[in-house]
Structures are given as structure tokens and as C-alpha cells.
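Here the structure is laid out as C-alpha cells; the discussion comes afterwards.
The values are calculated or read from the model by the stated rules, or taken from the named source; none is laboratory data. This is a predicted model, so every value here is computed, not measured. Glycine also receives a Cβ, built like all others from the backbone with ideal geometry; neighbour counts cover every protein chain displayed.
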């Protein structure tokens, strides 16, 4: 998907919501678990059906699928195939946090962009340029590079200040990686719990999309993220996972997920209107 | 496996060799590819049989398995089960470079230590403490944290100097992470191409094992690594992948792999003797 296509989808749906498919076998409603050969896939299908008109992206979190082995990997592949076939306007993100030496990153890229048909993969920057660029060789596919994450551990290294440039590590990641790709094939992860830093981040990467986790369960505020993070092509994908997919653990989980997604979409619609983007 | 058990295996085998199972479906000898339902697993079994007496660890590189989807994941699980059953003295490393927010890292830990029976997993430090500690809750299982990697991109961020402490990023990772685990459940990745920096690294982590990739295809020197990196419990696992497993692409690949592993083991045996460790 191109950046322009993504922006068109955002305008049409009046939403920049990404639904995180952190599907945990231990949290799936009992009636699905008892009546399905592939409960993770069936749960995902129901969630996607209940939310597809309200969001522009889905983000399966690879760890949740890998944690149950072959069955999980199979459910992941089926989920991506299902979304691609039924909702071709959705941007599908492999939240995988990969990154390794060049020949190995090339293998990961083959996994997510060749074998499976994801639009984007999250990548960790620690190993530098040659760990990232192999993901950028696929047309209209995206790297979403970790910059400033939403967790407590973000403070351990990401805010370290460079003695030479005075840039903090996440700023150095933003600056250096701009020579690896463009705003047409790279995005950055910026946690919603660090919304006040979005102004600085926007001054470094004014054109890039930002993937923002941490709204909801992790405590970030959508209004703040939008205030400091929006650009003239929206430039934001805001993710919510647990708040939506586990809104209810009973047979009404689809309606509950729809309602939670609807709340966020309505708020996003107002934000986009107030900014004159729609 | 405990640190003491690993050291005993090293002494008994006169080797601190780790064989990297970067098994690429496109590089498997034709006679295996044509006569097997699971050529990756069958290739791995032959490589393990040919090298098990010469090494103390195996390191499947997850990317190579993931890149072919379900069949790859299946071959990976079978490979780990095979090594665990037939060669219980081998230390098995998931080279996965994982790391995410706490609840997600906990899922990855379940994947490698619960669902599969790896001894260790490589983890990227960018997201800090809560991305690493969930892996440390399994008894006698290990985190191998990236410190200074063997690739060109290592220079992009890992050598950045902290304005406050003057530590470079990799030194900060070494220092900070020592409060997360101990030398009994953490190791560090230090590339062989940076052997001259092992003296500084040893001054920070004198007791920890270091996993050293980059000998062979990537150009690192075993003698240099040993000179600067050995400690009184050996403290090194030196990995070689392509040089061993692709020593020949013909039907003699087992013998060729054995011979390459033998060369490294013989060199390691001399090194261990010269240091008085055996």
C-alpha cells in the first residue's frame, strides 16, 4: 500500500485506528474455544468483521501466535490471508520487532513480505542500517522502526544523550534512518505514553507516519497524541489492542469490540474534522 | 543447563564451539532435497550427527525457519526435539533477537522455553529492562543479550557515547543489564569482528559467558577472540554457521562439515590447554 492510499483510507473511514490482534488463547471466549478447530483464527475473524469499518489497519502481535507453536503460526497465516481477501483496504502490520545481520534480516523480510502478505513489519534499530534495509527492497512494503517505545524500559537506553551531537538515542535513530528509506516506506513507533515528545519527533520526521501504541491499556491519551502528532496527511496510526479485542469475554465480545472501536473512531473523526483533514 | 554444566561440557569436549543452524532451503544438497519430506530437518540431523562430538552448542537462526512458514516452524521444533533427545549435553540457542513490552516478551519466552525446549534465546536490548526480564523467570534458561554485534550496522548506534557517563551504548547495556540477571542466566553477544574490544568488555562482565558470532564467513579471528575473551570458566561460545554447514554442497557435506568443525575444535583444544583450562 502507498502512503497516499493509506491517507485516502483514513479520510474515507474518518479513522486512523489500528486494531492490535494480540490474540491470547487464554482469553478467547469459552464458546469459541469449545466449538472451533482453530479458535485463534475464528476469534480474529469475528473481531475483524466487527471492526473493519472502523479501522484502517490490523496489527497481529507475532509473540502471541508463536507462543503456541505450529497452530499459532497457522492461525496467523490464515488471519493475514483472510484480511487480505475480505478487506483489501486494510494495512496489515506484523508486530515482530525483528532485526539481525543483513542475510538474516533478508530472511525475515521473505517471511513477512514473501511468504505472508503483510504490508509492514516492526523492526528494532539496535543493529543498524544493514539490519533494516533488507526489509526495504519490497515494493510498497514498509518498515516501522522502533524509536521511542511506550514501556518503562524505554527510559533505559532510548533517552541516552549522545556526547557528540546531544541527540538522544531515539533522535539519532530517527535522523540516521532517514537515509535508509523515505516517508513512503518507513514509519516509526512512538509510544502514546510519550505524547509530549511528539513535537520534537515531528520536527525531525515531519512527513513520516508514526505508529502509536499505548493508547488504552497502557494509559496514553488519544487527544494528546493527535494534538502533537498529526501532520497534513494525518501521519498517525494509533493502535489499540486489549481495550478492543477483550472488551468482553462473553458471547457479546463482537458487539463490545465494535463499541470500543466505535468510540475511538468517533473521537478520531472529530479530531480529523477539527484539523480540516476531512 | 547451568553455567557449571556448560563449563564441564567444554572441558570434556575440549571445545567451545557453537554450530549455527542457519539452514537455507536453497542451499541444502540436492540429494536431500529430492528424497525427503522434511529436508531442513533431515539436513540438520545429518549436520548434528557429524558435529555433535566437536561442539557444545547449536544455534538455529529463527529467520531461516520462519522464512518458509509452517514447514519451517515444524522443522525447527523437530530439530530442537531431536537434539534434546539424542544429545542432551548440547546447549540449544534460539537466535531470535526478540524483545518487546513485558506481556509480549513473556509470550516469546513461553514460545522458546515453554512450547520448545531451548536453553537460551538472543534478545535485543533497545526496549530495556521489562523487555528482557520475562525471559529470566525460567529456571536454568538464559537470555543472551545483544551488546556489540558483528555487522557493519553495529557502528550506527552501539558505539554512541553517553554524554553523562561517557559509556558507549553497548557498555551501558552491559552495565545496566547486570541488575536484571546474573552470570548464571545471562550472556552477551559480542561479534568476533570486534575482538580488540573484548578486553574492555571483560572488564565490565568478567564472569559472563559471551556468544561470539562472526568467526569464519564474517571474517573474525578465533585466536584473537580467545586471547581477549577467555575467562577462568572459558566464558566463550564461538559460533560458526556457514563455514561448517555449507562446507560442501554435495553428498560429502557431512564429512566436510565434520572436518570444518574439527579444525575449529582442534584450535580450541590448543587454546584451552595453553590457558591451563584443561
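Of note:
- Matching residues in the stretch B:11-60 - criterion: being touching a helix residue (DSSP H, G or I) at 6+ places or on another chain (Cβ under 9 Å), in contact (Cβ under 8 Å) with a residue 60 or more places away in the chain, part of a helix (DSSP H, G or I) and more than 24 Å from residue B:96 (Cα to Cα): B:11, B:13, B:50
- Extreme residue, nearest to residue A:117 (Cα to Cα), among residues of the stretch B:72-83 that are touching a residue at least 24 places away in the same chain (Cβ under 8 Å) and at the interface with chain A (Cβ under 10 Å from one of its Cβ atoms): B:72
- Within the stretch B:253-272, being under 18 Å from residue B:233 (Cβ atoms) and in contact (Cβ under 8 Å) with a residue 60 or more places away in the chain holds for B:268, B:269, B:272.
- Residue B:26 being modelled with pLDDT under 95 and more than 13 Å from chain A (Cβ to nearest Cβ): no
- All conditions but one from (1) within 14 Å of chain A (Cβ to nearest Cβ); (2) under 18 Å from residue B:24 (Cβ atoms) apply to residue B:47; the one that does not is (1).
- Test result for residue A:172, in a loop (DSSP other than H, G, I, E, B) and either within 14 Å of residue A:94 (Cβ to Cβ) or at the interface with chain B (Cβ under 10 Å from one of its Cβ atoms) (or both): no
- Restricting A:150, A:177 to residues that are at pLDDT 95 or above and either surrounded by fewer than 24 Cβ atoms within 10 Å (Cβ to Cβ) or over 19 Å from residue A:2 (Cβ atoms) (or both) narrows the list to A:177.
- Search result, residues across the stretch A:227-247 that are farther than 20 Å from residue A:196 by Cα and touching a residue at least 60 places away in the same chain (Cβ under 8 Å): A:233, A:241, A:242, A:244, A:245, A:246
- Filtered residues of the stretch B:175-216 (kept if within 12 Å of chain A (Cβ to nearest Cβ) and touching a strand residue (DSSP E or B) at 6+ places or on another chain (Cβ under 8 Å)): B:177, B:180, B:189, B:191, B:193, B:213, B:214
- Residue match in the stretch A:175-184 (condition: within 26 Å of residue B:130 (Cβ to Cβ) and over 15 Å from the mean Cα position of the chain (by Cα)): yes
Residue by residue, here is whether (1) in a loop (DSSP other than H, G, I, E, B); (2) surrounded by 20 or more Cβ atoms within 10 Å (Cβ to Cβ) holds:
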residue	(1), (2)
B:223	no, no
B:227	no, no
B:238	no, yes
B:244	no, yes
B:249	yes, no
B:255	no, no
B:260	no, yes
B:264	no, yes
B:268	no, yes
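- For the stretch B:99-123, a residue qualifies if it is touching a strand residue (DSSP E or B) at 6+ places or on another chain (Cβ under 7 Å) and within 7 Å of chain A (Cβ to nearest Cβ), and the qualifying residues are B:99, B:100, B:104, B:108.
- Just one of the numbered conditions (1) surrounded by fewer than 17 Cβ atoms within 10 Å (Cβ to Cβ); (2) at positive phi is not true of residue A:69: (1).
- Residue tally, condition facing another protein chain (nearest Cβ under 7 Å) and not in a strand (DSSP E or B), over the stretch B:124-149: 9
- Scope the stretch B:86-117; condition assigned to a loop (DSSP other than H, G, I, E, B), surrounded by fewer than 24 Cβ atoms within 10 Å (Cβ to Cβ) and in contact with a helix residue (DSSP H, G or I) (Cβ under 6 Å, 6 or more places away or on another chain); matching residues: B:89, B:90, B:116, B:117
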